[in-house]
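The structure appears below as structure tokens.
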Amino acid sequence: MSKLNPRTTKYEFLGPPGAFLISIGVPSMIYGLYYGCSEQTGGCPPPTLTLSKLTSELTTLPLTLPLHELSWWKGLWHEVWDTDAALMYFAWYAFCVVAWRVLPGDQVEGTRMRDGNVKKYKINAFSTFLLALGLVTGVIFRYGPENFTFLYERWIGFATAAIFMSVFQAFGVYALSFREGALLAQGGNSGNWVYDWYIGRQLNPTLSIFGAEFDIKSFNELRPGLILWALIDISMMCEQAVRRGGIGGVTDSMWLVLLFQVGYIADGLYNEPAILTTMDITTDGFGFMLSVGDLAWVPFAYSLQARYLVFHPILLGPVATALIIAVNATGYHIFREANSQKNDFRNGKDTRGLKYFTTESGSKLITSGWWGRSRHPNYFGDLLMALAWSLPTGFETPITYFYVTYFAVLLIHRQRRDDENCEKKYGKDWDKYKKIVPYRIIPYVY
């Protein structure tokens, strides 16, 4: 096992200090996006949240916060914790686990791991999504949209419960990684527990649930957080409907956000096998980085636009609506066609006659189609869709464009990580490939 699990000798994210700061920063940003863009705090941003006032408060923070007083901590806990919301969140997670076990699904093989094993994954995330969507739709049509507004009303409590679950799972899988025979992630075996806990020490932590092998990482990647994102968007739509006299009063901007985001979620769940070849599954361990991203960041940060439109409804009109749809459709076409080309080529089903470059190791790198225009064309499509999701919120605040800004930074970082790994894997062949396909994400630009 020492040969299979060599020590990690190179840190990412600035090592343990960076891992610690991100572990604090991500949950803080989730709360920050809420309190900085919320009806409860007065707007987006709140009128009193001026740059000078914020700067002044930050410079005096250690002196003004009574961190030594128990009452202050109790007040903070009372602000973010909601027992009813937590119980509903844990029930939701349990529902996803039961659906995974009970609903039928194909067993699909993943990529071969470095120990020679090939894991099998049960593919039924889309079925879980349809079941959840059917139940929610039934509630809305039977009892009215006012009975599905609780995700908006208890948003902060649900976010806290998701963060709590993320922390709990990160410690749990870190402990599981010390079991005999565990295959560790090559980037998560540094020996520093803070860094390994954050980045993920074990590659594929698993449990036995109801007599079946439960892969924690692939389950979290698509089910609890991603489907919850769709339900949060629907809850935001219901809240707007209640305020505007019914479903017929929902604005075109809200419908666009709902269509784009729920459609994107449905597409990802329907094409579940595609994630089995992504870096998250094949390379990264499962630690706090992925747990908080999957369970808390995705549903509660990515639903910002829909939440904003609840208390700041915008009527776009037919021209603006058509233009935004065109931007999203373009992004979706690039994203789906690029991924389809890659998956068909890898599985020996290419019917497009794609050209490719063969490395010395025998691997084949596509050099035509969308993959001939840039090395990550799917990221380009993702960015266009991210922009389209923010455009319905108008231009009165930059906060609702946080998602596309953050996503650009994330994808550039991921592209650089991927290029580093490919350079190690292919050596001088990667340099040749980069000359053939020089652009990283956006063709002819970057």
For the stretch 177-259, please list each of the helices (runs of 4 or more DSSP H) lying entirely inside it that holds at least 2 residues being farther than 30 Å from Asn117 by Cβ.
-> 224-243
Cβ-Cβ below 6 Å, separation at least six or inter-chain, first residue in the stretch 363-381 and crowded, with 19+ Cβ neighbours inside 10 Å, second hydroxyl-bearing (Ser, Thr, Tyr) and in a helix (DSSP H, G or I): which pairs?
-> Leu365/Tyr433
Residue list for the stretch 246-262, restricted to those being in contact (Cβ under 8 Å) with a residue 40 or more places away in the chain and out of contact with any Leu (no Cβ under 9 Å at 6 or more places or on another chain) | Gly246, Ile247, Leu258, Phe260, Gln261
Based on what the data block shows, is Leu54 within 22 Å of Tyr403 (Cβ to Cβ), surrounded by fewer than 16 Cβ atoms within 10 Å (Cβ to Cβ), aliphatic (A, V, I, L, M) and modelled with pLDDT of 75 or more?
-> no
Across the stretch 91-135, the tally of residues that are within 16 Å of Ser208 (Cα to Cα), part of a helix (DSSP H, G or I) and open to solvent by less than 40 Å² (accessible area, probe 1.4 Å) stands at 4
How many residues, within the stretch 406-445, are in contact with a Ser or Thr (Cβ under 8 Å, 6 or more places away or on another chain) and within 20 Å of Ala386 (Cα to Cα)?
-> 4
Helices (runs of 4 or more DSSP H) (entirely within the stretch 332-446) containing at least 3 residues that are at pLDDT 90 or above | 377-390, 402-426
Scanning the stretch 233-282 residue by residue, those surrounded by 17 or more Cβ atoms within 10 Å (Cβ to Cβ), touching an Asp or Glu at 6+ places or on another chain (Cβ under 9 Å) and of a type in the set (Val, Ile, Thr) turn out to be Val242, Val257, Val262, Ile265, Ile275, Ile281
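Residues are listed down the side, and each one gets a yes or a no for (1) in contact with a Phe, Trp or Tyr (Cβ under 6 Å, 6 or more places away or on another chain); (2) modelled with pLDDT of 95 or more; (3) open to solvent by 50 Å² or more (accessible area, probe 1.4 Å):
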residue: Ile140; (1), (2), (3): yes, yes, no
residue: Thr149; (1), (2), (3): no, yes, no
residue: Gly181; (1), (2), (3): no, no, yes
residue: Pro205; (1), (2), (3): yes, no, no
Does Leu70 qualify as being out of contact with any helix residue (DSSP H, G or I) (no Cβ under 6 Å at 6 or more places or on another chain), farther than 17 Å from Ile156 by Cα, open to solvent by 90 Å² or more (accessible area, probe 1.4 Å) and modelled with pLDDT under 95?
-> yes
Count of residues meeting criterion [aliphatic (A, V, I, L, M) and within 28 Å of Thr393 (Cβ to Cβ)] in the stretch 269-304 = 7
Name the residues in the stretch 1-23 that are at pLDDT 85 or above and open to solvent by 90 Å² or more (accessible area, probe 1.4 Å), would you?
-> Arg7, Thr9, Lys10, Tyr11, Leu14, Phe20, Leu21
For the stretch 216-232, how many residues are open to solvent by 20 Å² or more (accessible area, probe 1.4 Å) and at pLDDT 95 or above?
-> 1
Out of (1) open to solvent by less than 30 Å² (accessible area, probe 1.4 Å); (2) within 30 Å of Leu33 (Cβ to Cβ), the one Asp418 does not meet is (1)
Where in the stretch 264-306 are there helices (runs of 4 or more DSSP H), lying wholly inside it, with at least 1 residues that are in contact with a Cys (Cβ under 7 Å, 6 or more places away or on another chain) and hydroxyl-bearing (Ser, Thr, Tyr)?
-> none
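The values are calculated or read from the model by the stated rules, or taken from the named source; none is laboratory data. Since the structure is predicted, the reported quantities are computational estimates derived from the model, not experimental observations. No Cβ is skipped: glycine too gets one built from the backbone with ideal geometry, and neighbour counts run over all protein chains shown. The accessibility values were calculated without ligands, DNA or RNA, using every heavy atom of the protein model including side chains. Shrake-Rupley method; radii C 1.70, N 1.55, O 1.52, S 1.80 Å.
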